[in-house]
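Report on one structure; see the data block that follows.
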Amino acid sequence: MALLLLGLVLSLASAQSSTLRRDFNMARVEGSWFLISLASNNMTRIGVTGDLQLYIRDIKFLDGNLKFSFRFMLQGQCEPVTVLCKKTQRNGEFSIAYEGENKVLVLETNYWMYVIFYLRNIQNGIETRVLALYGRIPTLSRPYLDRFKMAYSKYGMHPSNAIDMAQKGPCYF
């Protein structure tokens with residue numbers, strides 16, 4: 001009986017660790033981040049000249065909204081940009097009008113090492129989904145990369161839909 005109870009406790013603990021949270025403390029997401037990896041159902045949008053290859057530098061939590069400072073390629077130049085994503089009714093979800101309608105969600109984070117964002121963009125009736133892994137340090141270890149792989153797999157994406165961006169790309173530095 002004790003063995004059965006132990007097995008139940010361990011399986012519940014395992015299920016909880018892989019469950020996505022919805023009660024994020026967004027103030028703890030503030031600070032500096034490095035782009036580690038991207039995945040998308042539309043590789044053109046996260047490619048070198050893609051409008052969704054975003055190198056977030058800093059995140060601020062302002063009055064319930066998220067302010068992203070990032071860099072991305074614009075006409076062959078790496079340009080700094082700051083945008084404000086407005087909080088929606090759902091915890092961890094934000095919206096922004098950029099190249100269509102966008103919802104930005106925090107899928108998973110431990111605050112001190114990594115965060116996985118999910119972006120859903122609707123532009124001219126076409127849906128693009130992007131998952132982005134950011135780290136507090138320029139490279140992350142295998143367990144974090146595996147968590148990202150599990151996350152993009154849940155959205156029907158394959159390894160061919162993912163790009164390793166750790167310390168790479170025209171706007172990395």
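Throughout, read-outs are computed from the coordinates displayed, never taken from laboratory work. Small disclaimer: the values here were computed from a predicted structure and weren't measured. For neighbour counting, all protein chains shown are included, and Cβ atoms are generated from backbone atoms with ideal geometry for every residue, glycine included.
Every pair of different Cα atoms in the chain enters the Kirkwood calculation, which places the hydrodynamic radius at 16.9 Å.
With contacts taken as Cα pairs under 8 Å and at least 6 residues apart, the chain reaches a relative contact order of 24 percent.
Sequence-distant contacts, meaning Cα pairs under 8 Å at least 6 residues apart, place the relative contact order of the stretch 20-67 at 40 percent. Legend: distances between Cα atoms for K103/K168; K103/K149; K60/K103; K86/K154; K60/K86; K103/K154; pairs beyond 23 Å are K103/K168; K86/K154.
Of the residues N42, V115, Y98, the one whose Cα sits farthest towards the positive end of the charge dipole of the stretch 28-164 is V115 (charges of +1 on Lys and Arg Cβ, -1 on Asp and Glu Cβ, taken about the Cα centre).
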